[in-house]
1. So, in the stretch 43-59, exactly how many residues are under 15 Å from VAL309 (Cα atoms) and either open to solvent by 20 Å² or more (accessible area, probe 1.4 Å) or of a type in the set (A, V, I, L, M, F, W, C) (or both)?
2. For the stretch 178-197: of the residues being free of Cβ contacts under 8 Å to residues at least 12 places away in the same chain and assigned to a loop (DSSP other than H, G, I, E, B), which is farthest from ASP127 (Cα to Cα)?
3. List every residue pair whose Cβ atoms lie under 8 Å apart, where the two residues are 6 or more positions apart in sequence or sit on different chains, the first residue falls within the stretch 251-274 and is within 24 Å of VAL81 (Cα to Cα), and the second residue, located anywhere, is open to solvent by 30 Å² or more (accessible area, probe 1.4 Å) and in a strand (DSSP E or B).
4. May I ask you to list the residues in the stretch 98-115 that are surrounded by fewer than 21 Cβ atoms within 10 Å (Cβ to Cβ) and of a type in the set (A, V, I, L, M)?
5. Could you say which residue among LEU41, LEU67 is under 22 Å from ASP155 (Cβ atoms) and assigned to a helix (DSSP H, G or I)?
6. Conditions first: (1) within 25 Å of GLY84 (Cβ to Cβ); (2) hydrophobic (A, V, I, L, M, F, W, C); (3) open to solvent by 10 Å² or more (accessible area, probe 1.4 Å); (4) touching a residue at least 24 places away in the same chain (Cβ under 8 Å). LEU213 passes all but one, so which condition is the exception?
7. Out of the stretch 120-177, which residues are open to solvent by less than 50 Å² (accessible area, probe 1.4 Å), part of a helix (DSSP H, G or I), over 17 Å from TYR300 (Cβ atoms) and of a type in the set (Gly, Ala, Ser)?
8. VAL241 passes all but one of (1) under 30 Å from SER153 (Cβ atoms); (2) crowded, with 18+ Cβ neighbours inside 10 Å; which number fails?
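The values are calculated or read from the model by the stated rules, or taken from the named source; none is laboratory data. Predicted model, so just to flag it, every value in this text is computed and none were measured. In this analysis, Cβ positions are derived from the backbone assuming ideal geometry, glycine residues included, and neighbour counts consider all displayed protein chains. The accessibility values were calculated without ligands, DNA or RNA, using every heavy atom of the protein model including side chains. Shrake-Rupley method; radii C 1.70, N 1.55, O 1.52, S 1.80 Å.
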Amino acid sequence: MNASPEQPDTSNDSKRALPRYLTVRQLADYLQVNEKKVYALVREGALPATKLTGKWLFPLDLVDQWLLESSHGGLLTDRIVIAGSDDPLLFRAITQVANSVRSQALISYTATGAQLGLSLLSHRRADVCGIHWGPADESHNRHPALIRQFAQSGDWALVRLFRREQGLLVSPGMWTAPIEIEGFFNPQVRWVERQEGAGSQRFLREMIAQHDLDPAKRRITCHASTEREAAALIAMGQAEVAPGVRAAATEFGLDFVSIGWEAFDFALYRGIFFRNLFQQLLDCLRGSDCRRQASMLGGYDLDELGTLVWTGND
């Protein structure tokens with residue numbers, strides 16, 4: 001059946017003539033709109049887009065999914081399950097969205113750690129998984145490599161939320177400038193250990209290797225499954241040090257030793273990007289209230305929020 005004049009022709013024959021990534025002009029022709037409308041949709045964050053050497057490119061497969069979701073009001077628009085890495089700002093944004101939709105929809109968040117979250121995503125127990133896996137400047141390679149371990153990753157995409165400052169959460173008053181990081185690696189200092197598969201634990205291991213430290217010298221007195229749990233244990237006097245982000249330290253009144261910056265991305269099934277609830281979450285993070293909270297917590301850079309960094313076919 002031929003497409004009607006009012007709708008783009010998405011037949012297999014016409015798609016074979018198009019590249020996998022469309023330029024602004026090609027997309028305008030495909031959607032039968034002018035190029036100004038395309039740019040407007042990009043500014044609104046409505047279109048799946050990525051910028052390469054200053055030019056916008058649009059993955060054709062994702063554009064088709066966006067059309068399908070837009071035409072039918074979205075699939076399962078009344079619920080979304082987010083798993084993976086813990087983050088204080090993300091928790092606040094999800095709570096804000098949940099309060100705004102009230103009983104009309106469900107948005108849930110379970111901080112499982114990156115690798116367990118990806119496993120849940122691969123088994124379709126979750127729709128979205130938050131991940132962070134090493135320094136920010138290596139994330140464009142590391143994050144795709146991490147999710148390629150799962151056979152289902154060909155159906156996923158990576159969306160950047162923010163960059164955040166990673167380091168050590170430290171009991172108040174314990175850290176003074178002359179003290180080197182090596183000073184935390186002795187039997188008198190109590191550590192909170194994070195679980196295997198947590199991004200903060202991975203970051204800590206790389207710091208240990210970089211400084212040629214002996215991990216066996218750490219005195220581990222308790223374990224935590226999330227950054228906020230680790231921060232709470234220090235605040236309650238159960239330990240003095242744990243890996244984590246600046247925002248978690250601020251939240252619990254702890255000191256913070258900065259090690260570096262990391263990227264925090266969402267891995268998700270490509271169709272999820274177009275769900276109303278997911279777009280509401282991105283809009284909430286873009287809003288003035290979340291930006292105010294990011295500034296209050298510290299250690300966030302939201303300049304790349306909503307950027308599509310990997311499409312699953314790259």
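1. Counting residues in the stretch 43-59 that are under 15 Å from VAL309 (Cα atoms) and either open to solvent by 20 Å² or more (accessible area, probe 1.4 Å) or of a type in the set (A, V, I, L, M, F, W, C) (or both) gives 11.
2. Filtering the stretch 178-197 for residues that are free of Cβ contacts under 8 Å to residues at least 12 places away in the same chain and assigned to a loop (DSSP other than H, G, I, E, B), the one farthest from ASP127 (Cα to Cα) comes out as PRO178.
3. What qualifies is GLU262/PRO135; GLU262/ARG163; ALA263/ARG163; PHE264/ARG163; ASP265/VAL309.
4. Within the stretch 98-115, ALA98, VAL101, ALA105, LEU106 qualify.
5. So the residue among LEU41, LEU67 that is under 22 Å from ASP155 (Cβ atoms) and assigned to a helix (DSSP H, G or I) is LEU67.
6. Of everything listed in (1) within 25 Å of GLY84 (Cβ to Cβ); (2) hydrophobic (A, V, I, L, M, F, W, C); (3) open to solvent by 10 Å² or more (accessible area, probe 1.4 Å); (4) touching a residue at least 24 places away in the same chain (Cβ under 8 Å), LEU213 misses just condition (1).
7. SER122, SER153, GLY154
8. It is condition (1) that VAL241 fails.
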